[in-house]
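The values are calculated or read from the model by the stated rules, or taken from the named source; none is laboratory data. If you're wondering where the values come from, they're calculated on a predicted model, not measured in any experiment. Glycine gets a Cβ as well: all are built from the backbone with ideal geometry, and neighbour counts include every protein chain shown.
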Amino acid sequence: MTEDVRNVVIIGTGPAGYTAAIYAARANLKPVVFAGAQPGGQLTITTEVENFPGFPHGVMGPELMDKFREQSVRFGTEIHWEIVTSVDLSNGRPFTVTTSERTMKAATVIVATGASARLLGLPRENEFMGHGLSACATCDGFFFRGKEIIVVGGGDSAMEEANFLTRFASKVTLVHRREEFRASKIMLDRARANPKITFLLNREPVAYEGNPEAGGLTGLRVRNTKTGELEVVEAKGCFLAIGHVPNTGLLGGQLETDEKGYLKTVPGSSRTKIPGVFACGDVQDSYYRQAVTAAGSGCMAAIDAERFLEAEGH
């Protein structure tokens, strides 16, 4: 293994990581980015993005991330298409970042590893993503105007997304595997009071119907958890609202997290409890989870890192 020492090492790409790289590179900090297991983040598994400023006619998710990457490289960002396997923050600065190919020392570290939507693990799930299947109502609800939609889940997120989607859908069917809900009473009551929402309980999803390459999703096959009977719920869209998992495993518990497992930062900043370590994007944001807010927090992280280094005489 080779060893290197850098001013700023950014773990993860996506809007947060790439924006942090753009700002750090323009500050002449010569940042290094490790792209991770999903270069470009969650936007690379979406189709058209219509709510990112500056693209009045929309832009494909992978294309948008390519533009972010190109801009970061233009200013001198060094990108390694590697997965970080561990980060050692225990011995103070410089920190140690390790991949399967190298060990690198970093004066500052920006964590932009994002969060992964919990999926059902059904066949062809990744193929249907962006072709009728989504894990973000705010991102994709608009595409299903006047159509029937399914929401899978039983928590507050499912109730919130079901209510939100009634702005667009002609009908929303909420599929839940039990009769009891994890959702709070107020959120559940709000969903039950919405005339566009129908509840289909004691149903477990078993397969996606349709063809992701020709027409997309046409429905969801479900199993009755009490009788075992199979049925198909017809819909043009299916939204998974069963939660997100922040990608913090590589940190080994070295940074403080909230009750949901998201990294905690000092309010109004990207600073973590360890000086010189910053967090941005969906790995520390369980509320907004949007490309534009992730990009904004990436900007914050780069500026925070720059000022941290400047205060130390860099």
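Summary table below
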| quantity | calculated |
| --- | --- |
| Test: residue in the stretch 300-312 that is in a loop (DSSP other than H, G, I, E, B) and within 25 Å of ALA162 (Cβ to Cβ) | no |
| Which listed residue, of THR99, THR108, THR113, is hydroxyl-bearing (Ser, Thr, Tyr), touching a residue at least 12 places away in the same chain (Cβ under 8 Å), touching a Ser or Thr at 6+ places or on another chain (Cβ under 8 Å) and buried (at least 23 other Cβ atoms within 10 Å of the Cβ) | THR113 |
| Conditions (1) under 24 Å from the mean Cα position of the chain (by Cα); (2) more than 30 Å from SER90 (Cβ to Cβ): number failed by LEU250 | (2) |
| Filtered residues of the stretch 111-140 (kept if among the small types (Gly, Ala, Ser) and touching a strand residue (DSSP E or B) at 6+ places or on another chain (Cβ under 8 Å)) | ALA112, GLY114, ALA115, SER116, ALA117, GLY132, SER134, ALA135, ALA137 |
| Only one of PRO31, PRO62 that is assigned by TED's automatic domain parsing to the domain that holds THR265 and either within 19 Å of ILE274 (Cα to Cα) or surrounded by fewer than 20 Cβ atoms within 10 Å (Cβ to Cβ) (or both) | PRO62 |
| The stretch 151-201, subset aliphatic (A, V, I, L, M) and in a loop (DSSP other than H, G, I, E, B), residue surrounded by the most Cβ atoms within 10 Å (Cβ to Cβ) | ALA169 |
| Any chance ALA20 is assigned by TED's automatic domain parsing to the domain that holds GLN284, in a helix (DSSP H, G or I) and either at pLDDT 95 or above or surrounded by fewer than 19 Cβ atoms within 10 Å (Cβ to Cβ) (or both) | yes |
| Among residues of the stretch 237-257, those that are assigned to a strand (DSSP E or B) and either polar (S, T, N, Q) or within 13 Å of ALA117 (Cβ to Cβ) (or both), counted | 7 |
| Inter-residue pairs, beta-carbon under 8 Å, first more than 21 Å from VAL233 (Cα to Cα) and in the stretch 174-194, second aromatic (Phe, Trp, Tyr), 6+ apart | LEU188/PHE181 |
| Residue that is farthest from ASN51 (Cα to Cα), among those in the stretch 278-307 that are touching a strand residue (DSSP E or B) at 6+ places or on another chain (Cβ under 6 Å) and modelled with pLDDT of 95 or more | ALA305 |
| Number of the condition not met by LEU165 [criteria: (1) in the same structural domain as GLU127 (by TED's automatic domain parsing); (2) over 19 Å from ALA117 (Cα atoms)] | (2) |
| Residue within the stretch 75-95 that is under 30 Å from PHE142 (Cβ atoms) and within 23 Å of the chain's Cα centre (by Cα) present | no |
| Qualifying residue in the stretch 25-43 (condition: part of a loop (DSSP other than H, G, I, E, B), farther than 20 Å from MET300 by Cβ, over 15 Å from the mean Cα position of the chain (by Cα) and not basic (Lys, Arg)) | no |
| Unique residue being in contact (Cβ under 8 Å) with a residue 60 or more places away in the chain and out of contact with any Cys (no Cβ under 6 Å at 6 or more places or on another chain) when the list is THR166, THR227, THR218 | THR218 |
| Selection within the stretch 244-261 - crowded, with 18+ Cβ neighbours inside 10 Å and more than 19 Å from LEU43 (Cβ to Cβ) | THR248, LEU250, LEU251, LEU255 |
| Residue satisfying condition, being exposed (fewer than 14 other Cβ atoms within 10 Å of the Cβ), out of contact with any helix residue (DSSP H, G or I) (no Cβ under 9 Å at 6 or more places or on another chain) and outside the structural domain of ARG93 (by TED's automatic domain parsing), within set THR218, THR227 | THR227 |
| Residue match in the stretch 261-277 (condition: assigned to a loop (DSSP other than H, G, I, E, B), outside the structural domain of VAL111 (by TED's automatic domain parsing), more than 25 Å from the chain's Cα centre (by Cα) and modelled with pLDDT of 95 or more) | no |
